[in-house]
Ligand SMILES: Cc1ncc(COP(=O)(O)O)c(C=O)c1O
């Protein structure tokens, strides 16, 4: 299938490559890559220098500063904080709240985030979390009130690819409470495809384990924001709770960010071709991909994203048995959770990433036994199609 950039990119002009490639030159010797400062502590010049500059790596490290500056810039924010995982970044944001505070959370979130909100935020810390379908802005309006401190969402969602209109959501919640904090988990979209800060979000968050790292070799997290006061509050939580990344991992993410745009472009192209192939396949019931015109929120995708992304979910005809036989027939796709790496991954959310939800909840969200999620990698797309064909023949 011959496709042009215009087919799979809604905005062919946008670029972040220069920013990710040219921000890493080392001041001391002009090395084009930043040194890895593998040091937990730093010599203090005198007793008064404690707490100023770098003094202890949990509170800051020069290799970490490089990745934080790049992330802040490409997310069009002023500050960024790097973490040892996406969950550590999420933990940091939720810790802005205290017992009795209220938050609205998208009803369709990464399973680990839902688990954290229920088992830690609600049960242990007494935070009141209301799960709301944010694709429906009237639902947000209905549940928003003066006590809500934080509105937390993902768009697109995992695995059903639902979108929330970030701009409209920010306007609606701020009409009710001006200083409510809006945080967007941008993991599926990445800074290349979506800039929540320009749409009104206060915090942009990433599981850097996914596209930012891009090679399935590290666990990492980031958040970024524009407001200094908010940054200072988040930074304090980050160093007191200790989810800081290793300088080596910061180096790896800095390295990977240089190819984020080129990887994303190719992965999106592959995903678009795969989505079209799947959509026309007789054994597929429905494809969920924001880049397809058949996606119910395709217009919104065009408005707030720069392409449909590299994640696809699809329902195959049949049930659990058919989905499993399809998976068994694959040789190239790796059956694994996670996403965003150079290799194509595939999984059954009901059995894997979303197995922690009740069957009833999965049904409500559309996470049925015949739903398959794939992360398009960088292999030649015709090899990926051949592999899916093997899978379908196995049903
Ligand atoms: C959308 C999303 N947010 C956050 C996380 C958590 O990130 P990590 O696994 O890096 O802690 C994940 C993990 O899969 C995710 O998919």
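The values are calculated or read from the model by the stated rules, or taken from the named source; none is laboratory data. Owing to the predicted nature of the structure, the values given are computational and were not obtained by experimental measurement. When we count neighbours, we look across all protein chains shown, and the Cβ atoms used for this are built from the backbone with ideal geometry, even at glycine.
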**Request:** Would you mind finding the one in 199, 205 that is within 11 Å of the ligand (Cβ to nearest atom) and touching a strand residue (DSSP E or B) at 6+ places or on another chain (Cβ under 9 Å)?
**Result:** 205
**Complete:** Scanning the range 86-107 residue by residue, those surrounded by fewer than 14 Cβ atoms within 10 Å (Cβ to Cβ) and farther than 21 Å from residue 223 by Cα turn out to be 99, 100
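I need the full set of residues from the range 108-128 which are surrounded by 20 or more Cβ atoms within 10 Å (Cβ to Cβ) and within 16 Å of the ligand (Cβ to nearest atom), in order please. Give the derivation first.
Taking the range 108-128 as the starting set, the residues that turn out to be surrounded by 20 or more Cβ atoms within 10 Å (Cβ to Cβ) are 108-110, 113-114, 117, 121, 127.
Within the range 108-128, 108, 109, 110, 113, 114, 117, 121 meet the criteria.
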**Prompt:** Out of 124, 142, 210, 130, which single residue is in a loop (DSSP other than H, G, I, E, B), more than 16 Å from the chain's Cα centre (by Cα), assigned by TED's automatic domain parsing to the domain that holds residue 252 and over 17 Å from residue 297 (Cβ atoms)?
**Reply:** 124
**Asked** Could we say that residue 176 is surrounded by 21 or more Cβ atoms within 10 Å (Cβ to Cβ), more than 16 Å from the ligand (Cβ to nearest atom) and in the same structural domain as residue 227 (by TED's automatic domain parsing) here?
**Response** no
**Asked** Scanning for something out of contact with any helix residue (DSSP H, G or I) (no Cβ under 6 Å at 6 or more places or on another chain), outside any strand (DSSP E or B) and within 13 Å of the ligand (Cβ to nearest atom), does the range 43-64 turn up at least one residue?
**Response** no
